[in-house]
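Below you'll find the structure, written out as structure tokens, and then a few comments.
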Amino acid sequence: MSVRVVARIRPLLEKELNKDIIVRAGHAEPGKASTTVKIPSPKNDAEEFSFAFNAVYDQSTSQETLFASEVQPHLKSLFQGYDVTIFAYGVTGTGKTHTMRGGMKLADRGVIPRLLSGVFRRGKKIAKDTEDNTTVKVSLSYYEIYNDKVFDLLEPPEKRTPSGLPLRAEASGRTVVAGLSERACDDLRDFEKLYVEANNNRVTASTKLNAHSSRSHAVLRVKVTQISEDMIKESTVSAIDLAGSEDNRRTDNDKERLVESAAINKSLFVLSQCIDAISRGDKRIPYRESKMTRILSLGQNKGITVMILNLAPLRSYHLDTLSSLSVSSRAKRIEVREIENEVVFKQMPRSLSTNTVRRQPLRPLA
Ligand code: ADP
Ligand code: MG
């Protein structure tokens with residue numbers, strides 16, 4: 001299983017144009033993408049932290065470029081039978097939904113509609129080009145995990161049971177959601193209809209959409225089945241808009257929020273530990289410790305995982321941004337070497353709230 005962790009810094013919104021920018025992509029070698037994110041220490045603006053990723057996309061990155069660089073290349077593997085998982089991780093307001101779902105205008109469309117369009121295109125091509133009468137079927141499930149409970153988004157909200165859908169272990173060892181619906185989808189128009197409807201289910205099930213969507217993980221799972229004369233090949237691509245990684249306990253302490261926060265923190269923590277273990281090549285992946293990682297069988301299948309860390313460049317997000325950088329760059333222990341073979345990546349202290357921020361050496365920029 002391979003794992004890639006990339007960062008995407010969003011542009012300023014219109015109402016933010018006079019705000020203070022503190023996050024930027026490090027310099028890149030000519031012709032190459034940047035691989036570092038720079039951010040000052042919360043204690044001292046002159047001190048700068050540097051976090052390394054497989055790639056860093058700055059505010060000028062279009063939806064098309066992000067898709068072409070990070071998702072499109074894996075379509076081939078998907079059709080070869082590998083499972084692909086794309087996560088958007090980050091603080092609420094940093095662009096996770098924009099990255100995954102995107103806007104209505106063609107150029108604004110995010111990873112999910114582009115992915116589906118790529119799947120249908122490739123499926124048609126395979127059906128046309130292969131000589132053994134291969135047919136390709138595409139089906140969808142779409143659900144959210146809220147307070148560690150699974151709710152089907154392809155079903156109307158009235159049909160929800162408060163306790164959510166149970167998980168079941170299959171003989172193969174894979175965990176599935178019992179009773180989750182799956183809809184066949186023949187083309188992009190089919191998909192769009194279902195997807196819009198499902199997102200509306202999410203809205204009507206909740207009185208406060210934004211508060212709700214930032215506290216639940218939304219998982220779209222696309223199953224591709226290739227049937228030829230002598231075999232059936234099945235693989236899935238999951239596109240996930242994760243709950244906000246901010247520490248809700250800081251601002252919100254009513255009981256309901258605390259329960260939500262605990263569930264979110266736990267699942268995001270387990271996720272980062274799984275990605276961490278996978279990228280180290282560990283035998284034991286702690287995927288059983290949260291529902292989200294169990295359902296995805298993260299680390300149990302051969303496949304590809306891409307985690308996109310969304311970042312807002314503003315000072316008002318400083319501490320939450322640092323902690324999301326810390327979690328996601330810890331999830332990827334590659335050593336990035338600069339000219340003098342120096343390791344750039346330095347781990348952030350786990351807790352930023354306890355005065356433990358140590359001085360990190362400043363490095364001349366390449
Ligand atoms: P999240 O889902 O992480 O809470 P959103 O995707 O809702 O964040 O983004 C917050 C706001 O920023 C939205 O208004 C969104 O349209 C805008 N936004 C995010 N990323 C970009 C981007 N790359 N380009 C333009 N606008 C963006
Ligand atoms: Mg969102």
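Looking at the structure I just gave you, is Arg358 farther than 24 Å from Asp58 by Cα, among the charged types (D, E, K, R), modelled with pLDDT under 90 and more than 16 Å from ligand 1 (Cβ to nearest atom)?
Spelling it out, Arg358 is indeed farther than 24 Å from Asp58 by Cα, among the charged types (D, E, K, R), modelled with pLDDT under 90 and more than 16 Å from ligand 1 (Cβ to nearest atom).
Kindly provide the set of residues from the range 265-306 that are touching a strand residue (DSSP E or B) at 6+ places or on another chain (Cβ under 8 Å), under 22 Å from Leu325 (Cα atoms) and not polar (S, T, N, Q), ordered by number.
Across the range 265-306, the qualifying residues are Leu268, Leu271, Ile275, Ile278, Met292, Leu298, Ile304, Val306.
I'm checking my understanding of the structure. Among residues of the range 158-202 that are touching a residue at least 24 places away in the same chain (Cβ under 8 Å) and of a type in the set (S, T, N, Q), which one is farthest from Ala218 (Cα to Cα)?
Top of the filtered list is Thr175.
Got at least one residue in the range 206-219 being of a type in the set (Lys, Arg) and within 16 Å of ligand 2 (Cβ to nearest atom)?
Within the range 206-219, one or more residues are of a type in the set (Lys, Arg) and within 16 Å of ligand 2 (Cβ to nearest atom).
Return the pair list, or none, for Cβ contacts closer than 9 Å from residues in the range 231-243 that are under 14 Å from Asn301 (Cβ atoms) to residues that are assigned to a loop (DSSP other than H, G, I, E, B) and within 16 Å of ligand 1 (Cβ to nearest atom), at least 6 apart or on different chains.
Once the first residue is under 14 Å from Asn301 (Cβ atoms) and sits in the range 231-243, its partners that are assigned to a loop (DSSP other than H, G, I, E, B) and within 16 Å of ligand 1 (Cβ to nearest atom) give Val237/Val71.
If you scan the range 267-303, which residues turn out to be among the β-branched types (Val, Ile, Thr), over 17 Å from Ser238 (Cα atoms) and without any contact (Cβ under 8 Å) to a residue 60 or more places away in the chain?
Val270, Ile285 - these are the residues of the range 267-303 that are among the β-branched types (Val, Ile, Thr), over 17 Å from Ser238 (Cα atoms) and without any contact (Cβ under 8 Å) to a residue 60 or more places away in the chain.
What number goes with the only condition from (1) surrounded by 14 or more Cβ atoms within 10 Å (Cβ to Cβ); (2) part of a helix (DSSP H, G or I) that Tyr143 does not pass?
(2)
Of everything in the range 146-172, what is under 22 Å from Cys185 (Cβ atoms) and either crowded, with 16+ Cβ neighbours inside 10 Å or at pLDDT 95 or above (or both)? Give them in sequence order. Write out each step before concluding.
So in the range 146-172, the residues under 22 Å from Cys185 (Cβ atoms) come out as 150-157, 159, 165.
Listed by number, the residues that qualify are Val150, Phe151, Asp152, Leu153, Leu154, Glu155, Leu165.
State all residues of the range 100-137 that are within 16 Å of ligand 2 (Cβ to nearest atom), of a type in the set (Gly, Ala, Ser) and surrounded by 13 or more Cβ atoms within 10 Å (Cβ to Cβ); if no residue qualifies, say none.
Gly102, Gly110
Of all residues in the range 67-99, how many are more than 8 Å from ligand 1 (Cβ to nearest atom) and surrounded by 17 or more Cβ atoms within 10 Å (Cβ to Cβ)?
Number of matching residues: 15.
Report, ordered by the first and then the second residue, all pairs with beta carbons closer than 7 Å, sequence separation of six or more or different chains, a first member in the range 119-148 that is more than 15 Å from Ser235 (Cβ to Cβ), and a second member that is of a type in the set (Lys, Arg) and outside any strand (DSSP E or B).
Matching pairs, first to second residue: Glu144/Arg202; Ile145/Lys291; Tyr146/Arg215; Asp148/Lys291.
Picking from Gly31, Gly26, which residue would you name as being at positive phi and away from ligand 2 (no atom under 16 Å from the Cβ)?
That would be Gly31, the only listed residue that is at positive phi and away from ligand 2 (no atom under 16 Å from the Cβ).
Pairs only if they're at least six apart or on different chains, beta carbon under 7 angstrom, first in the range 83-102 and in a strand (DSSP E or B), second among the β-branched types (Val, Ile, Thr) and near ligand 1 (Cβ under 8 Å from one of its atoms); list them, first residue then second.
Going by the 7 Å Cβ cut-off, the qualifying pairs are Ala88/Thr99.
Quick check on the range 193-205: of everything there that is touching a strand residue (DSSP E or B) at 6+ places or on another chain (Cβ under 8 Å) and modelled with pLDDT under 90, which residue is farthest from ligand 2 (Cβ to nearest atom)?
Ala205
The values are calculated or read from the model by the stated rules, or taken from the named source; none is laboratory data. As the structure is a computational prediction, the values presented were derived from the model and not from experiment. Neighbour counts are summed over all protein chains in view; Cβ atoms, including those assigned to glycine, are modelled from backbone coordinates with ideal geometry.
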